[in-house]
Every structure is written in structure tokens, then in C-alpha cells.
2 protein chains.
Amino acid sequence: MATIKDVAKLAGVGISTASRVINKSGYVSESTKIKVQDAINKLGYVPNETARAFVTQNSKIVALFLPSIHHAFFSELAYYIEDALDKNGYKMLLCNSTGNIQKELSYISMLKQNKVSGIIGISYNEIESEIHNSMPIVLVDRHIGTIPYVSSDNYGGGKIAFQVLKDTGCQHLAYIGSYSNSVLTEVEKRQKGFEDAAKEDGMDYIIYTEQDPIEDQTAFLKRFLSQYKNVNGVFAENDLMALELFELAKEQNIKVPEELSIIGYDGIKVYEVLKSKLSSIRQPVEVMGRSLVELLIKRVNGSYVTPVIHPVEFVKGETTR
Amino acid sequence: MATIKDVAKLAGVGISTASRVINKSGYVSESTKIKVQDAINKLGYVPNETARAFVTQNSKIVALFLPSIHHAFFSELAYYIEDALDKNGYKMLLCNSTGNIQKELSYISMLKQNKVSGIIGISYNEIESEIHNSMPIVLVDRHIGTIPYVSSDNYGGGKIAFQVLKDTGCQHLAYIGSYSNSVLTEVEKRQKGFEDAAKEDGMDYIIYTEQDPIEDQTAFLKRFLSQYKNVNGVFAENDLMALELFELAKEQNIKVPEELSIIGYDGIKVYEVLKSKLSSIRQPVEVMGRSLVELLIKRVNGSYVTPVIHPVEFVKGETTR
């Protein structure tokens with residue numbers, strides 16, 4: 001009986017290429033596909049079902065790098081990613097990888113060995129040198145070479161946050177958040193959008209940031225409140241930070257929004273039940289999850305795709321006037 | 001060169017059994033192990049590295065059934081489970097399976113085919129007939145045959161919730177939560193513990209429950225507040241419900257804890273940042289995650305283990321006197 005080795009030999013390709021054609025996984029050029037199919041027909045090759053099951057299973061697994069499941073935005077995104085993968089017949093390996101590059105590298109190595117068919121990466125590790133443009137990888141909020149990414153319009157979101165604060169009467173504005181020395185993330189565009197809008201408007205502003213990850217967010221926010229008592233409008237880099245600032249302000253008897261307006265970024269559902277009616281720039285998290293999977297499957301099938309930037313909108317809560 | 005087929009034939013076992021011995025995955029009796037090892041030695045069998053890599057990879061994957069990643073307790077538990085699995089060399093497939101039994105069945109079928117080596121199940125689906133006691137499965141908060149489970153001391157937690165409410169001066173108590181007609185979950189023991197403590201004490205109480213899943217929790221809680229105006233102490237089945245009740249009470253100008261004391265169940269970290277200082281029965285989520293993985297690995301290696309029930313403690317917040 002003909003083996004996959006015979007097929008590969010007759011088609012003049014490697015065994016792994018023949019395997020990709022047989023299992024319809026990974027990228028193979030059209031001409032190679034035809035050559036392999038011809039060899040299969042000539043030899044009457046029937047794949048070993050057990051072996052094929054293994055390979056098929058392997059090719060239908062996607063790994064998701066998640067920085068922290070404690071952050072509700074990421075949990076929610078992970079939920080929609082898993083749901084969309086499932087609808088496309090893929091299973092999802094979850095890799096919580098905050099500050100653990102070795103963990104991510106082990107999945108990248110699995111990708112190289114064809115044991116997972118793709119990676120969706122929400123990663124703050126320095127993995128640039130380990131991945132390259134031809135791999136089926138899609139990133140969230142991060143740019144590496146021509147690897148496609150999905151993000152929300154962070155820059156535009158920063159601009160409208162400024163506009164809302166200004167239009168509702170705040171005169172002393174601040175952006176609070178974190179910055180990274182190593183990795184350029186989309187999140188920093190929130191700050192850039194805010195700054196550019198302020199500059200265009202000719203308004204002064206405070207930038208209050210600390211290097212990511214902020215070790216003690218409570219202390220960081222308390223210092224802000226004591227140092228910048230005249231600030232009456234804040235745009236915080238995410239909802240979790242905005243919510244904590246809101247709570248700390250209440251503790252210190254600072255009236256929100258009368259004395260201090262606060263806008264966050266994310267706009268996620270989990271906080272709705274808490275009735276913490278935070279004003280926020282809402283990212284379309286479900287749409288983002290589904291578009292990540294769509295891009296990844298295209299990459300797995302060998303297509304090239306460009307980044308997708310999703311529009312955001314301001315959702316008024318109780319923390320702005 | 002000898003193949004695994006030859007090994008299996010000489011040992012008088014099936015190929016899958018020989019494979020389990022070679023790859024040290026799944027349960028094999030000691031006597032069979034010795035027979036297979038003898039055959040390997042006699043034949044000088046060297047496993048095919050590629051095939052072994054596939055099988056090994058497959059055997060080092062555990063599936064986690066998660067009912068809802070929106071519920072912070074489950075997200076946090078998933079985080080610790082993945083961390084503990086990783087430390088033991090396992091990867092984790094995440095299956096969000098609320099109300100989707102087909103999805104869970106596909107993983108159970110993978111387990112039967114040895115494509116995943118075990119399942120940690122937080123499941124509310126009726127999977128009783130599909131799993132049996134010999135499978136490497138560990139459940140959370142649920143009893144099926146002799147399949148081991150991990151839970152916190154839900155019954156004891158219900159008892160101390162009653163005790164705290166009573167000792168802080170509440171005279172009219174209620175338990176609010178959900179019940180299931182199909183699946184007996186550990187969560188219902190919270191109610192049982194509360195009821196038994198009240199009966200022992202001779203105090204009347206209200207049980208206000210709706211069938212799981214509660215479709216509109218906000219409406220459910222609003223009805224409670226309007227129907228039971230004299231209740232001044234509530235034990236809610238989880239923190240999310242307790243928090244929403246707290247927020248709705250504030251909206252209706254009911255003073256918490258003076259006019260209404262509230263105790264939740266879970267005690268998870270994600271809400272700490274929100275400074276919603278809820279009084280709660282705290283489950284040791286990290287310890288529970290690690291003990292789930294410990295039990296599962298023992299099951300994967302063929303040991304039999306008994307359930308583990310972790311103690312809980314009352315953590316005072318601002319919602320009790």
C-alpha cells in the first residue's frame with residue numbers, strides 16, 4: 001500500500017508538504033497542491049485514519065496568548081475568540097503569559113512544528129525576533145513587521161475623550177496611564193490622540209504616566225489626586241484605572257463629575273452589573289474577537305491580510321457632565 | 001525495525017494500550033506495563049520520534065469546561081488552573097460551554113480517543129450519561145458517580161452567613177439565588193447550610209429563588225426589594241448577585257448595612273479594585289485551582305482520588321454591620 005512517503009517522493013515535495021495537502025492545513029501553493037493530488041491519484045493512496053486524526057486535530061488548534069485573565073476586557077475578548085474559533089471547527093489553547101516569554105516561545109515552537117495551526121497574540125513580551133511575517137499569527141493592539149493585527153481606533157478614541165471633557169466644561173485636563181520602554185503598543189495611541197487634540201485646541205494638559213506594569217495602581221492614583229488637585233478632567237488608559245480613580249475620588253469626597261470628570265477606555269459589560277456607570281470609550285469587543293478569528297483563518301489558509309482597526313464610540317455614564 | 005504493532009502483538013495487548021505505556025499517558029495496570037516493557041526490551045523497539053511527539057503532545061493537553069468567562073470567579077479559577085497545568089507541562093484547551101452540551105461532548109469524545117489526557121469540568125450541562133467513573137475527569141462543585149470533584153465548603157459557608165447576619169442584629173433574613181431542576185450542584189448547599197442554621201436557631205426566613213439561569217437578574221432583584229421590604233439581612237448565592245443587590249438598594253435609598261445587610265459568596269479579587277467592599281464568604285480560588293490540577297494529574301496517572309472540599313471564611317466588608 002502506498003504511504004505518504006511515496007506520495008511525497010512522486011510529487012517531488014517534502015513529507016510535511018504532502019501532509020499539509022492531505023490534511024488541508026497550512027499554506028501550500030496551488031501548483032504544489034495539484035502535484036500532490038496527482039501523486040495521490042496515481043498511487044491510490046489512502047491516508048492512515050489514525051495518523052490523519054492526529055494531524056487533523058493538531059491542525060485545528062489555535063493558541064491564544066492572554067496577558068491577564070483578571071482584566072475583564074481580555075476575558076471578554078477571549079470568550080468571543082473561543083466562540084468564533086469553535087464555529088469554525090477550531091479548538092483553543094489558552095496561554096496566560098504575562099511576563100513569561102518562555103511560555104509564549106513554547107507555543108511559537110509548536111506553531112513551527114505544525115502542532116498548532118495559528119496564534120492569536122495579545123502579548124507584551126518581546127517576541128519580535130521569534131516570529132516572522134509568514135507565520136499564521138494575528139496580534140491585538142501591536143505591530144510587528146507585516147503581521148496583521150486587530151485594534152480599536154485608539155488614536156481616535158483619545159481625540160474624542162479630549163473633546164468630550166472639553167465640551168462638558170473641564171479646563172484642566174490630564175491623561176493617566178502607563179508606558180512601555182520595550183514594546184510599542186496601540187494603547188499609547190490613546191495618549192497620542194488625547195495630546196494631539198489638546199495641542200490642536202491650544203489647551204495645556206498633564207501627562208501622568210508610569211512604566212508598565214504599574215506595580216501599585218492605588219498608590220499611583222492617590223499620588224495623582226494629591227499632586228494635581230486642580231485637574232478637573234481625566235482620561236484614563238482603561239476602565240479599570242478609571243473605575244479605581246472614581247472610587248478613590250469618592251473616598252476623598254471629591255464630587256464626580258462636578259469637581260472631577262473621568263473617562264475610561266474599553267466599555268466592557270462585566271462592570272454593567274455593578275452599576276458603576278463609568279463614562280468610557282467603548283471598544284466593540286465582540287466584533288474584534290470575531291475579526292481576529294477571521295483574519296487568522298485567512299492566514300492559516302495562506303492568504304495575506306491587512307490590519308483591521310475598529311471604530312470606537314463614547315458612551316456617557318455618570319462620571320462626565 | 002520493530003514497530004509498535006510488533007510490541008503490542010508480542011505483549012498480547014492492543015496498540016492503544018502499548019502506546020499508553022510508551023507515552024506514559026492514561027491508565028494501564030502494572031502487570032500490563034511489565035508485559036509491554038518486556039516486549040519493548042526483547043524487540044529493541046525505538047519509538048518513532050515524530051509519531052511520539054504527536055502522541056505526547058496530545059497526551060499533554062487538558063480541556064477545561066468553563067460555563068461563562070463573564071463571571072469573574074470562573075475567570076480567576078481558569079487562570080490558576082492554566083498556571084498549575086503549565087507548571088506540570090500540560091497545555092489547556094478552553095471550552096466555553098454554557099448551555100452547549102454538544103461542545104462538551106466533542107471534548108469528551110477527544111478524551112475517549114486519547115487526544116486530550118483529561119478534563120476539568122465546570123459544567124452545568126447534563127453530561128452524566130456520557131462520562132463514567134474511570135475517565136480522568138475532575139469536576140467543580142458537582143457530583144457524578146465517583147468522579148472526583150473540588151468544591152469549597154458551600155454548606156458551611158451558608159451556615160456562617162446566617163450566623164453573621166444574626167449576630168450583627170438582623171431579624172428578618174432571606175436567601176436569594178437560583179435552583180436547578182436537572183443538575184444537583186454544590187451551590188445549592190449554600191442555601192441548605194443557611195436554612196439548617198436558621199432552623200437550628202428557630203428563626204423564620206425567606207427563600208427567594210428562580211430557576212437557573214436567571215434571565216434578568218436586575219428584574220429578579222428589583223422584585224425582591226419591592227416584595228420583601230421588611231427583610232434586613234440577605235445572603236446571596238454569589239458576589240455578582242450580592243453586588244447588584246447592593247447597587248440597586250443604594251439607588252432606592254435603602255441604607256446598607258443599616259437597613260439591609262448583604263453577604264455574597266466567592267470573595268474574588270477582581271472587585272477589590274472597584275472598592276465595592278462587599279461582605280462575602282471567600283472561597284480560596286487559587287488553592288482550588290491548584291488542587292483541581294493535582295487531582296486530575298493523579299487521575300491521568302491512574303490513581304483514584306476522593307473529592308476535596310476547601311474551607312471558606314467570612315470576610316467583612318461594608319455591607320454588614
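Please treat every number below as a calculation from the coordinates, not as lab data. Values in this document were obtained by computation on a predicted structure and should not be read as measured data. Reconstructed Cβ throughout: ideal geometry from the backbone, glycine too, with neighbour counts over all protein chains shown.
With no solvent and one equal point scatterer per Cα, compute the Debye intensity ratio I(q)/I(0) for the range A:77-202 at 0.13 Å⁻¹ and report its log10, rounded to two decimals.
-0.66
Could you work out how far apart the two model spin labels at A:Gln102 and B:Ser182 are, taking each label as a point 7 Å from the Cα in the direction of the beta carbon, and quote it in nm?
With each label point 7 Å from Cα toward Cβ, the separation is 4.4 nm.
Relative contact order of chain A, please, whole-number percent, based on alpha carbon pairs below 8 angstrom and at least 6 residues apart.
With pairs under 8 Å counted, the relative contact order is 18 percent.
Taking each residue in A:84-93, count the Cβ atoms of any other chain within 10 Å of its Cβ, then average. What number comes out?
Whole-number average of other-chain Cβ neighbours for A:84-93 is 3.
Based on the mean of other beta carbon atoms within 10 Å per residue, what is the order of B:208-220, B:95-107, most packed first?
B:95-107, B:208-220
What translational diffusion coefficient, in µm²/s and rounded to a whole number, does the Stokes-Einstein relation yield for the protein assembly as shown at 4 °C and a viscosity of 1.567 mPa s, taking the hydrodynamic radius as the Kirkwood radius over Cα pairs?
Approximately 48 µm²/s, per Stokes-Einstein.
How much net charge surrounds B:Thr306 when only the other residues with a Cβ under 14 Å from the Cβ of B:Thr306 are counted, with Lys and Arg +1 and Asp and Glu -1?
Cβ neighbours under 14 Å give a net charge of +1.
Express in nm, to one decimal, how much length is gained between B:Gln163 and B:Asp201 on full extension, taking 0.36 nm for each residue of separation and deducting their alpha carbon distance. Mind showing how you got there, number by number?
Working: separation 38, 0.36 × 38 = 13.68 nm, distance 0.94 nm.
This chain segment gains 12.7 nm when fully extended.
Cα extents of the range B:154-284 along the three principal axes, largest first, in whole Å?
Principal extents (Cα only, largest first): 34, 30, 30 Å.
So if I place +1 on the C-beta of Lys and Arg and -1 on the C-beta of Asp and Glu, and nothing else carries charge, what would the dipole magnitude of the protein assembly as shown be about its Cα centre? I want it in debye, nearest 20.
With Lys and Arg at +1 and Asp and Glu at -1, about 2680 debye.
List the GluC sites (Glu not before Pro) within the range B:240-321 that fall in a DSSP loop (any state other than H, G, I, E or B) and whose Cβ has at most 16 other Cβ atoms within 10 Å.
Those that pass, being in a loop and sparsely packed, are B:Glu258, B:Glu259, B:Glu318.
Tell me the label-point distance for the pair A:Gln211, B:Asp216, using the 7 Å Cα-to-Cβ offset, in nm and rounded to one decimal.
The modelled label-to-label distance comes out at 5.2 nm.
Within 10 Å of each Cβ in A:109-119, how many Cβ atoms from other chains are there, averaged over the peptide?
Mean number of neighbouring Cβ atoms from other chains: 1.
Regarding chain B, what is the average projected area of its C-alpha convex hull, in nm²?
Directional mean of the projected Cα hull area for chain B stands at 18.0 nm².
What does the net charge come to around B:Lys189 if you take all other residues with beta carbon closer than 11 Å to its beta carbon, with K and R at +1 and D and E at -1? Walk me through the numbers before you get to the answer.
Working: positive: B:Lys159, B:Arg190, B:Lys192; negative: B:Asp141, B:Asp153, B:Glu186, B:Glu188, B:Glu195, B:Asp196, B:Glu237.
Combined, the nearby Lys, Arg, Asp and Glu give -4.
In straight Cα distance, which lysines are under 16 Å from A:Lys33, not counting same-chain residues fewer than 8 positions off?
A:Lys5, A:Lys9, A:Lys24, A:Lys42
To the nearest 0.05, what FRET efficiency results for B:Tyr304 and B:Gln113 with a Förster distance of 22 Å applied to their C-beta separation? Please list the in-between numbers first.
Details: r = 23 Å, r/R0 = 1.03.
The pair B:Tyr304/B:Gln113 has a calculated efficiency of 0.45.
Hey, got the dipole for the range A:154-284? About the Cα centre, +1 on K and R Cβ, -1 on D and E Cβ, debye to the nearest 20?
Working: 15 positive and 21 negative charges, 65 e Å.
For the range A:154-284, the charge dipole is close to 320 debye.
Calculate, for A:Arg321 and B:Ser226, the FRET efficiency according to 1/(1 + (r/R0)^6) with r their C-beta to C-beta distance and R0 25 Å; round to the nearest 0.05.
0.20
Take the Cβ-Cβ distance between B:Glu130 and A:Lys42 as r, set R0 to 51 Å, and report the resulting FRET efficiency rounded to the nearest 0.05.
0.70
How shielded is A:96-107 by partner chains, expressed as the average number of their Cβ atoms within 10 Å of its Cβ atoms?
Per residue, the number of nearby Cβ atoms from other chains is 2 on average.
Tell me, rounded to the nearest percent, the portion of alpha carbon pairs in the range B:219-321 spaced more than 19 Å apart.
That fraction is 51 percent.
If Lys and Arg each add +1 and Asp and Glu each add -1, what is the summed charge of the other residues whose beta carbon sits under 11 Å from the beta carbon of B:Ala63? Don't jump to the answer; show the numbers that get you there.
Details: positive: A:Lys91, B:Lys91, B:Lys103, B:Lys115; negative: B:Glu104.
Neighbour charge sum, excluding B:Ala63 itself: +3.
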